[in-house]
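Accompanying notes for the structure given below.
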Protein chains: 2
Amino acid sequence: MSYPKKVMLREVGPRDGLQNEPVWLATEDKIAWINQLSQTGLSYIELTSFVHPKWIPALRDALDVAKGISRVKGVTYAALVPNQKGLENALEGGIDEASVFMSASETHNVKNINKSTADTLQVLKQVTDDAKKANLSVRAYLSTVFGCPYEKRVPIEQVIRLADSLFEFGISELSLGDTIGAANPVQVEIVLEALLKRFPASQLALHFHDTRGTALANILTALQMGITIFDGSTGGLGGCPYAPGSSGNAATEDIVYMFEQMGIETNVKLAKLLPAAKWIEEKIGKHLPSRNLQVYKSSL
Amino acid sequence: MSYPKKVMLREVGPRDGLQNEPVWLATEDKIAWINQLSQTGLSYIELTSFVHPKWIPALRDALDVAKGISRVKGVTYAALVPNQKGLENALEGGIDEASVFMSASETHNVKNINKSTADTLQVLKQVTDDAKKANLSVRAYLSTVFGCPYEKRVPIEQVIRLADSLFEFGISELSLGDTIGAANPVQVEIVLEALLKRFPASQLALHFHDTRGTALANILTALQMGITIFDGSTGGLGGCPYAPGSSGNAATEDIVYMFEQMGIETNVKLAKLLPAAKWIEEKIGKHLPSRNLQVYKSSL
């Protein structure tokens with residue numbers, strides 16, 4: 001089996017991980033954690049979300065976080081931006097890249113964003129336009145690509161149709177999400193085979209949840225198909241509150257461990273990432289699902 | 001990618017899972033659990049270990065367990081048998097298959113069995129001979145194939161040499177163990193490439209631990225290499241007390257979930273296996289690492 005020599009990781013813990021935590025993490029703790037992550041070698045950190053605080057109260061301090069962190073050269077600091085108002089705040093916070101998001105499933109999109117996919121596309125077109133005018137690159141998340149908690153299977157034609165629109169708007173990268181953590185390697189192969197006929201691997205990222213233990217097997221398959229960009233959340237922090245039964249982003253350290261052992265360069269130092277995972281586990285005050293974090297803790 | 005249509009699973013939870021548990025599980029509970037497992041569609045269950053109670057006190061009721069279970073037609077009931085005395089008890093218990101075990105690493109073998117690999121081979125030759133005379137098939141475990149907690153890398157030549165001897169003795173199947181749960185897909189490919197030049201895939205099983213999250217990715221790789229026999233422990237129960245930092249056999253239900261979703265037949269019904277995982281978690285009284293068990297519990 002031939003594998004690429006290096007991959008790129010997108011750290012989504014401070015946004016995707018923290019957004020559903022019922023515990024309030026103080027702004028200075030968020031900043032301290034992001035500053036730790038900035039020292040690990042990660043080249044991309046999604047800081048926060050500029051969504052209205054009514055929807056994600058855990059990240060209501062988005063602007064303070066974005067303004068408070070110590071930026072490290074070479075790290076792209078991104079933030080989720082749902083609309084024009086969010087973009088204004090994100091620009092004030094000095095972020096480097098805007099992430100926009102929608103669901104591939106109509107029902108999940110309505111439940112999550114309170115809009116049809118058609119209406120969401122119009123908003124994302126405007127945000128992408130405006131972000132690009134402000135010299136930001138734009139990344140899009142397409143969730144429920146591998147299954148929807150309401151509609152179950154999501155037709156690949158729907159994924160392609162939405163991806164077409166998003167790339168037309170000018171996004172630079174599309175992150176395909178297994179929101180409910182139910183994907184399997186054969187499905188990953190089928191979905192990617194269809195998408196790679198239309199879009200280059202260099203513009204596709206995979207965002208797996210480890211809900212049912214298959215995240216690293218799915219990542220391996222995507223890697224075998226030529227994908228080299230993967231989302232992870234340090235500690236395995238996160239999930240989706242609107243997707244019943246879902247939990248646990250793939251832990252960045254588990255992804256890094258596997259790649260490192262396979263001889264694939266991630267540029268991330270586990271010796272720095274693991275303490276950052278332990279730190280956030282202690283702050284959040286609950287057992288996180290990362291496997292390597294447990295090994296690390298038992299080694300101390 | 002082309003995959004086999006079906007695989008065989010070897011359930012090792014009652015032996016490999018329970019052997020290290022500090023909590024005493026009552027004999028009738030062991031029997032009740034094995035009886036549940038017998039109803040899941042599993043065709044192979046390793047019941048217990050006929051090792052001297054001094055070494056594995058948690059399984060000191062091996063004979064009562066072997067005699068007490070309700071056997072289901074089509075299920076092979078195996079037990080670990082270290083020596084002649086163990087074999088006598090196993091035969092009295094009416095087991096179908098004897099498992100013998102050793103380490104590929106010299107140091108690990110000495111620490112685990114208190115003998116050199118050369119001396120262990122002599123014992124296993126005798127046990128295999130005697131077991132076959134009593135019409136039992138014999139399975140061998142070779143542990144630390146993918147790494148040793150003391151010697152780190154274990155040379156593939158050492159693995160081949162020991163495998164050669166064991167097959168010469170007349171074992172029907174060799175289970176290759178990732179005792180410390182540190183294997184990665186590239187390593188699995190390299191090790192299997194070497195072994196498959198010499199031994200048929202139908203006689204090799206893979207025994208992964210999910211200590212660092214890579215078990216299912218490793219299983220996927222082995223499957224891609226033609227391996228169709230995998231060990232699992234319901235709930236992800238187990239580990240190795242002699243291997244520092246090791247913990248958690250690959251959970252049978254996580255393996256079954258992935259295969260089932262990939263369209264690969266396991267013959268195991270998750271609807272019956274998951275309650276058996278929940279049952280043992282409650283009896284043991286600690287959180288087990290299985291991912292699908294957590295999803296199942298949150299669905300109740």
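The values are calculated or read from the model by the stated rules, or taken from the named source; none is laboratory data. Nothing here was measured: the structure is a model prediction, and the numbers come from that model. FYI the Cβ positions are ideal-geometry reconstructions off the backbone, even for glycines, and counts take in every protein chain you see. Only protein heavy atoms, including side chains, enter the accessible area calculation; ligands, DNA and RNA are left aside. Shrake-Rupley method; radii C 1.70, N 1.55, O 1.52, S 1.80 Å.
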Quiz item: Whose amide H sits under 5 Å from the amide H of B:SER49, counting only residues 5 or more places off or on another chain, with H placed in the peptide plane?
Solution: B:LEU80
Exercise. With θ set to phi - 60°, apply the Karplus curve 6.51 cos²θ - 1.76 cosθ + 1.60 along region A:77-82 and write out the HN-Hα couplings as whole Hz, x wherever there is a Gly or Pro.
Key: 9, 10, 8, 6, 9, x
Exercise. Would you mind checking which residues have amide H under 5 Å from A:PHE101's amide H? H placed 1.01 Å from N; only 5 or more apart, or other chain.
Key: A:TYR141
Quiz prompt | Placed amide H near B:ARG10: partners under 5 Å, 5+ positions off or other chain | solution = B:PHE230, B:ASP231, B:GLY232
Self-check item: Per residue accessible area in Å² of region A:8-299, where ligands, DNA and RNA are left out and the probe is 1.4 Å
Solution: 35 Å²
Quiz item: How much net charge surrounds B:GLU282 when only other residues with a Cβ under 13 Å from its Cβ are counted (Lys, Arg +1; Asp, Glu -1)?
Solution: +2
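With charges set only on the Cβ (+1 for Lys and Arg, -1 for Asp and Glu), what does the dipole of chain A come to about its Cα centre, in debye to the nearest 20?
Magnitude of the dipole: close to 180 debye.
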Quiz prompt | Gap separating the Cα centres of region B:163-204 and region B:23-96, nearest whole Å | solution = 25 Å
Quiz item: What residues in region A:205-222 lose 20 Å² or more of accessible surface when the other protein chains are added to their chain alone (1.4 Å probe)?
Solution: A:ASP210, A:THR211, A:ARG212, A:GLY213, A:THR214, A:LEU216, A:ALA217, A:LEU220
Quiz item: Chains A and B: how much accessible area gets covered up at their contact, both sides added, probe 1.4 Å, in Å² to the nearest hundred?
Solution: 2700 Å²
Self-check item: Calculated from backbone phi, Karplus (6.51, -1.76, 1.60) coupling profile of region A:173-180 in Hz, x at Gly/Pro
Solution: 8, 10, 9, 8, x, 9, 4, 8
Quiz item: Tell me, what HN-Hα J-couplings in whole Hz come from the Karplus equation 6.51 cos²θ - 1.76 cosθ + 1.60 at θ = phi - 60° for each residue of region B:16-27, using x for Gly and Pro?
Solution: 5, x, 7, 4, 9, 6, x, 7, 6, 9, 4, 3
Quiz item: Quick one: putting +1 on the C-beta of Lys and Arg, -1 on the C-beta of Asp and Glu, what dipole do you get for the protein assembly as shown around its Cα centre, in Debye to the nearest 20?
Solution: 140 debye
Quiz prompt | Cleavage-rule hits (trypsin sites (Lys or Arg not before Pro)) in region B:3-52: DSSP loop, at most 12 neighbouring Cβ within 10 angstrom | solution = B:LYS5
Self-check item: 1.4 Å probe, heavy atoms, protein only - residues of region A:156-193 losing at least 30 Å² accessible area vs chain alone
Solution: A:ASN184, A:PRO185, A:VAL186, A:GLU189
Quiz item: Roughly how many percent of the accessible protein surface of region A:1-113 is carbon and sulfur, given a 1.4 Å probe and a whole-percent answer?
Solution: 54 percent
Quiz item: Which one of B:GLY170, B:GLY17, B:GLY232 has the biggest mean-square fluctuation once chain B is modelled by GNM with Cα springs under 10 Å?
Solution: B:GLY170
Quiz item: Tell me, which residues of region A:281-300 get at least 40 Å² less accessible area when the other protein chains come in, versus the chain alone (1.4 Å probe)?
Solution: A:ARG291, A:VAL295
Quiz item: Which of these, A:GLY236, A:GLY177, A:GLY285, has the largest mean-square fluctuation under a Gaussian network model of chain A (Cα springs below 10 Å)?
Solution: A:GLY285
Quiz item: What percent do you get for the relative contact order of chain B when only Cα pairs under 8 Å and 6+ apart count?
Solution: 20 percent
Quiz item: Given the alpha-carbon gyration tensor of region A:8-299, what are the semi-axes of its equivalent ellipsoid in whole angstrom, ordered largest first, with each equal to the square root of 5 times an eigenvalue?
Solution: 25, 23, 18
Practice problem: Under 22 Å Cα to Cα from A:LYS54, which lysines show up? Leave out anything in the same chain fewer than 8 places away. | Solution: A:LYS30, A:LYS67, A:LYS85, A:LYS111, A:LYS115
Quiz item: What percentage of the solvent-accessible surface of region A:119-240, computed with a 1.4 Å probe over protein heavy atoms, is contributed by carbon and sulfur atoms?
Solution: 50 percent
Quiz prompt | Percent of C-alpha pairs per 20 Å bin, the protein assembly as shown, short to long | solution = 21, 51, 24, 5, 0
